[in-house]
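Just so you know, all these numbers are worked out from the coordinates, no wet-lab data involved. Worth saying up front: this structure is predicted, and the values here are computed from it rather than measured. Quick reminder, even Gly has a Cβ in these numbers, built from the backbone with ideal geometry, and neighbours come from all protein chains shown.
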Amino acid sequence: MTPRNPLRAAVSAIRPRLEGRTPRVAIVLGSGLGGLSSRVTESVAIPYAEIPGFPPPTVEGHDGRLVAGQFGGQQVLMQSGRFHMYEGHDAATAALPVRVMAELGVTTLLLTNAAGGINAGFRPGMLMLIRDHLNLTGRSPLVGKVVPGDTRFPDMTEAYDRGLRQLAHAVAQEQGIELVQGVYAGLLGPSYETPAEVEMLERMGADAAGMSTVVEVIAARARGVRCLGISTITNLAAGRSRQPLSHVEVMETANRVRDQLGALIAGIVGHANFGK
């Protein structure tokens, strides 16, 4: 049963479990990346089943729990498992964790996802820093009555924080990690795009495509939360290779680069100032 005020109910359920922690940074883990939560020390894990308004994920590679603790020398909150709109949820539900995190004190949000490579120079296993996005889902978490704490008309000029992107590039260079940059196209899914749709996306300026992230970033910016997004290019988009697309390939590639991505995120978290 969905609570009348999902935001308030979720915050009330989570806050006592944090045992006095006030995380300033939250990390959203995309497909196949849930294992990164095992790197959190002094941790407490809260299953979604114990959080009002948080539905269980139904997609392989999404655990379904919040993990709070130490990571990269900071107090963090990790969301291990998304609930996607293609699972039947509305945009407000998909963005609920972001609003909850902001209420709990988070000021910076790091989002990861699995994406199909559109840019001709991309190959599976590369990491792409999201410079900007195209919201092609046809949905927004801001539609309807203004949620307390939200801005009605948030500025999306710099949806992905310039300073955090510069830091990510510096950390990647320090660690010897190849980090490209591009525009992420967020689509509703769950079908993969057709070759004609991929050509359209390329002409629109997209470098990669996926089925998450955009509504979360919109909700975060409406709360003044800084955002950084990193896509794992898990496969080439339709028409860019002779292989049929499959979630198995997505999971295999995500697992292959998980340690590299984890080191990059830990380095970013360790170097940044997440205070208010």
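Working note: Karplus 6.51/-1.76/1.60 with θ = phi - 60° gives segment 181-190 the couplings 9, x, 9, 9, 9, x, 10, 6, x, x Hz, where Gly and Pro are set to x.
With n ≥ 4 as the cut-off for DSSP H runs, can you work out [θ] at 222 nm for the chain, using -39500 (n - 2.57) per run divided by the number of residues, rounded to the nearest 500? Each step should come with its number before you reach the end.
Numbers: 7 runs with 79 residues, N = 276.
Result for the chain: -8500 deg cm²/dmol, rounded to the nearest 500.
Computed over Cα pairs, the Kirkwood radius of segment 121-276 leads via Stokes-Einstein (0.692 mPa s, 37 °C) to a diffusion coefficient of 196 µm² per second. Once both labels are positioned 7 Å from their Cα atoms along Cα-to-Cβ, the gap between GLU178 and HIS271 label points is 2.0 nm.
For segment 203-216, the Karplus equation 6.51 cos²θ - 1.76 cosθ + 1.60, evaluated at θ = phi - 60°, returns couplings of 5, 7, x, 7, 9, 7, 9, x, 10, 8, 6, 5, 6, 5 Hz by residue, with Gly and Pro reported as x. Extension gain for the segment VAL146 to THR58, taken as residue separation times 0.36 nm less the Cα-Cα distance, is 28.8 nm to one decimal. Assuming 1.306 mPa s and 10 °C, estimate D for segment 126-169 with Stokes-Einstein, Rh taken as the Kirkwood radius over Cα pairs, in µm²/s. Translational D for this selection: 122 µm²/s. Here the relative contact order of segment 6-271, from alpha carbon pairs under 8 Å that lie six or more residues apart, stands at 26 percent.
Of the DSSP beta bridges with both residues in segment 6-271, give the percent that are antiparallel, rounding to the nearest 5. Mind showing how you got there, number by number?
Working: 17 of 47 bridges.
Just about 35 percent of them are antiparallel.
The Cα center of segment 100-135 and the Cα center of segment 218-244 differ in position by 5 Å. Calculated FRET efficiency, SER43 to ALA120, Cβ-Cβ distance, R0 = 45 Å: about 0.65 to the nearest 0.05. Here's the picture: charge each Lys and Arg Cβ at +1 and each Asp and Glu Cβ at -1 in segment 6-271, and of ILE27, VAL11, VAL198 the one pushed furthest to the positive end of that dipole is VAL11.
By the count of neighbouring beta-carbon atoms within 10 Å, fewest first, ASP90, ASP207, ASP161, ASP155 end up ordered ASP155, ASP90, ASP161, ASP207. Restriction of the chymotrypsin sites (Phe, Trp or Tyr not before Pro) in segment 31-127 to DSSP coil positions whose beta-carbon has at most 12 other beta-carbons within 10 angstrom yields no sites. Net charge dipole, segment 170-219: roughly 100 debye, given to the nearest 20, about the Cα centre with Cβ charges of +1 for Lys and Arg and -1 for Asp and Glu. The 3J(HN,Hα) values that the Karplus relation (6.51, -1.76, 1.60; θ = phi - 60°) gives for segment 12-19 are, in residue order, 5, 7, 7, 3, x, 6, 6, 6 Hz. Gly and Pro appear as x. In this structure, the amide hydrogen of ILE27, modeled 1.01 Å from its nitrogen in the peptide plane, lies closer than 5 angstrom to those of LEU77, MET78, GLN79, LEU110, counting only residues at least 5 positions away or on a different chain.
Taken over the alpha carbons of segment 150-205 as equal point scatterers, the Debye sum produces base-10 log I(q)/I(0) values at 0.15, 0.26 Å⁻¹ of -0.74, -1.01. Amide H contacts of CYS227: LEU109, ASP161, each under 5 Å away and 5 or more positions distant or on a separate chain (H built 1.01 Å from N in the peptide plane; Pro and chain starts excluded). Convex hull volume of the Cα atoms of segment 113-199, normalised per residue: 139 Å³. Normalised by 2.2 N^0.38 Å, where N counts its residues, the alpha-carbon radius of gyration of segment 6-271 equals 0.93.
Are there GluC sites (Glu not before Pro) in segment 40-126 that DSSP marks as loop and that have at most 13 other Cβ atoms within 10 Å, and which are they?
Values: sites: GLU42, GLU50, GLU60, GLU87, GLU103; in loops: GLU60.
Sparse-neighbourhood loop GluC sites (Glu not before Pro): GLU60.
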